[in-house]
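The block underneath contains the structure these notes are about, expressed in structure tokens.
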């Protein structure tokens, strides 16, 4: 509803820091620009504001910290404009579709796609995140058509996301706009971000901006935490599942002065019930304990200086395996099979920004992490310690006053030092990657955005490589946005850290080459058509993406009966992803989303071009969301239809090479009741109680040659009822 | 017999009264206010406040004419109490007749 198309014209600045802000508000009617007397103007988040006079002119006093001006006028789409120190602003609002009815109790669309961004980006905000139990990031995508979430193995509870049908490692995971949760944190990283702490998640598919590095191949997922200077003062969430899992999330923000604010976050979860519904002797879900503490600070000066810093500590323990396994048992084949993973992680991050003048601004983003991991899978020991440092300096140059040409350039640095040990073998990683980048954006008008970026990175072992990326957005006619993108991406996989779940088999891992550089091109095209049908919004989205690998780490479970080979690609590897999505408010306040995607993912495994194992051939999604007139009740229903796919053939496997897994359906439902300061929710995950048959192969003899808990294609946990409460208090 | 008749009629009358009382209690009434919202945020603050007031069934905000229309169950709330709530949030609330409200809405949409 509040989607925004804007044309921002900037008149010549007279001084660097003018006071107050002046400007005029216009609207478009019958393709003519008209003044909007009475339009309201306010700083985002502030309650006071002003109203434009009969000529559409306004004057508003500067706000200490907020730089975003919100313009609204009845019958027009509200617009938010960043004030960059211009003396005069000219804002043009677009006519709303539904002119006659002004209903303010409107629904907050949980997901929307930004229109001006040349990179097709889905914004998932707090409203969407409340549609599911949403305890951590891995559960935040249940209502999303683009992201698949699947289990890695049947024992550790590790989950991964898939974008465009490819493994999560090929999409760049970011928090607060910097790459994060790499290396040792890859496997469990999604469960390290509590959903209730999040302000929003951004998902972009295809080539990403070069500013954030060379790593994103299939896309980017960025999680933004709630900010200390936001409206929310206090949040408390308590969650419990029928099987005995409890989670607590809370955050408090304090405004120490007009410029300084801080926020404290805590997350705790505990699950200690040994449950084995399928009676295979193995726990369905690992026993888990996690604590996560987070403190962030924000400072904004009136002279365009911004500082944002934070510190995280995370500790977790997972125990899985046989029901009879107990912590501390001697690791011998005479004791029950057990898996234990312990993680301790510290993170410090810092972001600083300074607007030198209306033309130049600089930003510096940095984070440092320390990760300590200890684990064993049956008789396999695996441990690691990792230190990382990331720094990115970005200079933004607005070349002209009209914002037509912008140049983002800068330098980045990655340091990654890790010492891992697998049984008796040591694996050492020492990566340093300095890099340079530049990205040019052209916005000749509201109908076209063009972006071209190039970066060069100097990897200590892999040498120099270049990352070119291109994006174009065109609005050929009203309400239709067309985007194309092409770009290259690279990765140096941390082979053991990213595949440690493969230790939950009897086969040994054979790493053919210690270090490789994965390399791929991604091309994509998407069309979004937004239109009003019967006064309610309808979105039609069609997308196609292709990823072409020239080098890749291939997990080959099919060549050898006794080993899993981790080898560089020898041949072709590609992924085609076709997706259609329709969103419509079919009846007032009843939103539906239907989506269908075909994943055509193929890889050369053992000399043969095969469909990627354990990947569904298609996926369909259907979601329903209904709320009553005043949004006091909310009902959500989601159904995922997953197509079947190929199971990895194994030479010793008597079923033969081309065995398939079946199509399956997973349904979730939730009811939320809102009160003034709190809400309660009750829901069920996996309503049909569909679980994969025999998630643990050879469960009777876990130390024997047939044991394998890593051939996972479907849900390993059955129906789960849950309930929770959220309490929210806002600042005055 | 007479007494019984009296008793029956008494109960009948009481019963009818009761039904009537319930009907007025559940009847939806509309009240319109003129206020002084300046921005979209004021609208959001007031929406969040008013929707959880007793008996409130529907809300209609119009920023341009600066009016609020509240539909509520007459037995559960009163214009005075709603006005008090709006004022507590820091905004003006003058009750205006529905005629004037419609007029204001029309006027502002002409602009």
### Query
Modelled label-to-label distance, residue A:387 and residue A:405, 7 Å Cα→beta-carbon offset: nm?
4.4
### Query
region A:399-444 to region A:269-297: how many Å between their Cα centroids?
35
### Task
Assuming R0 = 30 Å, can you tell me the calculated FRET efficiency for the pair residue A:582 and residue A:200, based on Cβ-Cβ distance, to the nearest 0.05?
0.80
### Message
I'd like the distance between the alpha-carbon centres of region A:625-645 and region A:172-220, rounded to an integer number of Å.
### Response
26
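Once the Cβ-Cβ distance between residue A:689 and residue A:88 is put in as r, and R0 is 60 Å, what FRET efficiency do you end up with, to the nearest 0.05?
Numbers: r = 63 Å, r/R0 = 1.04.
Here the calculated transfer efficiency is 0.45.
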### Query
So for the pair residue A:663, residue A:291, with labels modelled 7 Å out along Cα→Cβ, what separation do we get in nm?
4.8
### Task
Take the alpha carbon atoms of region A:539-599, find their center, do the same for region A:359-390, and report the distance between the two centers in whole angstrom.
28
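When only Cα pairs under 8 Å and 6 or more residues apart are kept, what is the percent relative contact order across chain A? Can you show the working numbers first?
Details: 2089 pairs, mean separation 75.9, N = 732.
In percent, rounded to a whole number, it is 10.
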### Query
Rounded, prolate or oblate: which one fits region A:287-342, using the alpha carbon gyration tensor with axes a ≥ b ≥ c (rounded when a/c is under 1.5, else prolate when a/b beats b/c, else oblate)?
prolate
### Computed lengthening from residue A:127 to residue A:276, 0.36 nm per intervening residue step minus Cα-Cα distance
50.2 nm
### Query
Taking 0.36 nm per intervening residue step and subtracting the Cα-Cα distance, what contour gain separates residue A:478 from residue A:438 on full extension?
11.2 nm
### Task
Would you work out if region B:27-110 is rounded, prolate or oblate? Take a ≥ b ≥ c from the square roots of the eigenvalues of the alpha-carbon gyration tensor; rounded if a/c is under 1.5, else prolate when a/b is larger than b/c, oblate otherwise.
oblate
### Query
Going 7 Å from the Cα of residue A:572 toward and past its Cβ, which residues in region A:198-222 have a backbone nitrogen under 13 Å from where you end up?
none
### Task
Would you mind checking region A:217-246 for residues with the amide N under 20 Å from a putative spin-label position 7 Å along Cα→C-beta of residue A:68?
A:221-235
### Query
Which part of region A:237-253 falls in the paramagnetic zone of residue A:264, meaning amide N under 13 Å from the point 7 Å along Cα-to-beta-carbon?
A:250-253
### Task
Bin width 20 Å, alpha-carbon pairs only: give the P(r) of chain A as whole percents, running from 0 to the bin holding the largest distance.
16, 52, 28, 4, 0
### Summary
Between residue B:30 and residue B:88, Cβ-based FRET efficiency (R0 22 Å, step 0.05) works out to 0.55
#### Entry: Sequence of B:40, A:459, A:694 once ranked by neighbouring C-beta atoms within 10 Å, starting from the fewest
A:694, A:459, B:40
### Query
For the residue pair residue A:630 and residue A:323, what label-to-label distance in nm results when each label sits 7 Å from Cα along the Cα-to-beta-carbon direction?
5.0
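A short reminder: the numbers here are calculations on the coordinates, not readings from a lab. For clarity, every value in this text was computed on a predicted model and none was experimentally measured. Cβ coordinates were reconstructed from backbone atoms using ideal geometry, including for glycine residues, and neighbour counts include every protein chain displayed.
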